Amino acid sequence: MEAINSIEEIRNRLRSLKEQGKTVGFVPTMGALHEGHLSLIRIAKEMADAVVVSIYVNPEQFGPDEDYDQYPRQLESDLEICREEGVEAVFAPSDEIMYTDKKFIRIEVDELKDHMDGASRPGFYEGILLVVNKLFNIIEPDVAVFGQKDIQQYRILERMALEMNHGVDMVMAPIKRANDGLALSSRNAYLSEEERLQAPALFRSLRYVEKQIKDGVTTPKLLIDHQKSELQAKGFKIDYFNVFTLEEMAPVEKLTEGQTYIIAGAVYLGTTRLIDNLIIEF
Ligand code: AMP
């Protein structure tokens, strides 16, 4: 199995599969594959006859001061991993293939991107919507699997699939973590040895908030402020750290019974941005 970089070729390849009545599961990635990505591939395999993985570092979702140039690219070892996992095809297009010089069309997001990463990374979700919309049109999958680690991305794409009638079953896979709790991420490769030891503190703070809520705290502001100070004292720079509603992705002051919330944080350790979250049914 070699990487396919032409839209025509991937379409032909999938057309013959679909003609045999096979369903297609799709896992979009930016490569530098780790166990988190593999868990998505395995879920997709359980849900569909053939799995397609895309590997594309999408320039449209990086801000001018972000890590687009630095982002790890390791196509050969990613392909090897996909072969071992029995992936049917890897779509790894170039920028020229994905984007024409001038773009006239963008997809906007309302409300769901007002907080969390949407608030701190202007243009981020529009870039993701653009690329996933294109990838869905190229691959036409039956099912697509995304990680809970990027939960706001999942919610926004779930709405895109629904509102744009993509007809794709959207699946959210749980977060894969290292033994010490750190959520796996391609960006963890940026961490120094010392930072890597510090990094799981984010997860521990989220867990602490979760425990307090489970023990009966319904107005989490003080608790949140305290955890933020603790993280800051350990050298983290906080982007956001709060409890949000799962439905609207908006911060909450008072939790009400029967609702689902997410406790989510984004922090910088040195120049590395880490994100993580926990889902809590209250
Ligand atoms: P990325 O390559 O970072 O764009 O991620 C591709 C997909 O893998 C996205 O749906 C992510 O949410 C998902 N993903 C990344 N890290 C993890 C993880 N630790 N556990 C589960 N899914 C993940």
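A few notes on this one:
- In order along region 41-55, the phi-based Karplus estimate (6.51 cos²θ - 1.76 cosθ + 1.60, θ = phi - 60°) of 3J(HN,Hα) comes to 4, 5, 5, 4, 5, 6, 9, 9, 6, 9, 10, 10, 10, 9, 10 Hz; Gly and Pro are listed as x.
- In a reduced charge model with +1 at each Lys and Arg Cβ and -1 at each Asp and Glu Cβ, region 73-220 shows a dipole moment near 520 debye about its Cα centre.
- Peptides 7-19, 134-146 ranked from most to least packed by the mean count of surrounding Cβ atoms within 10 Å: 134-146, 7-19.
- Taking a ≥ b ≥ c as the square roots of the eigenvalues of the alpha-carbon gyration tensor, region 139-282 is classed oblate because a/c is 1.5 or more while a/b is no larger than b/c.
- Electrostatic bookkeeping for residue 144 treats Lys and Arg as +1 and Asp and Glu as -1; over the other residues with beta carbon under 11 Å from its beta carbon, the sum is -4.
- Theoretical ellipticity at 222 nm over the chain - DSSP helices of four or more residues, -39500 (n - 2.57) apiece, nearest 500: -11500 deg cm²/dmol
- For the pair residue 18 and residue 47, label points projected 7 Å from Cα toward Cβ lie 1.8 nm apart.
- Solvent exposure of the chain amounts to 49 Å² per residue of accessible area, where only protein heavy atoms count and the probe is 1.4 Å.
- Applied to region 200-206, the Karplus parametrisation 6.51 cos²θ - 1.76 cosθ + 1.60 on θ = phi - 60° returns per-residue 3J(HN,Hα) values of x, 4, 4, 4, 4, 5, 4 Hz, with x for Gly and Pro.
- All other residues whose Cβ lies under 15 angstrom from that of residue 84 are scored, Lys and Arg at +1 and Asp and Glu at -1, for a net of -4.
- Positive-pole candidate from 213, 41, 7, dipole of the chain, charges at beta carbon: 213
- Of 141, 243, 259, farthest towards positive along the dipole that unit charges on Lys, Arg, Asp, Glu beta carbons give region 124-282: 243
- Under a model in which nothing but the beta-carbon of Lys, Arg (+1) and Asp, Glu (-1) is charged, the chain shows a dipole of about 440 debye around its Cα centre.
- Three-way shape label, region 3-173, alpha-carbon gyration tensor, a/c 1.5: rounded
The values are calculated or read from the model by the stated rules, or taken from the named source; none is laboratory data. Predicted, not measured: the structure shown is a model, and the values here were computed from it. When we count neighbours, we look across all protein chains shown, and the Cβ atoms used for this are built from the backbone with ideal geometry, even at glycine. These area figures cover heavy atoms from the full protein model, side chains too; ligands, DNA and RNA do not enter into them. Shrake-Rupley method; radii C 1.70, N 1.55, O 1.52, S 1.80 Å.
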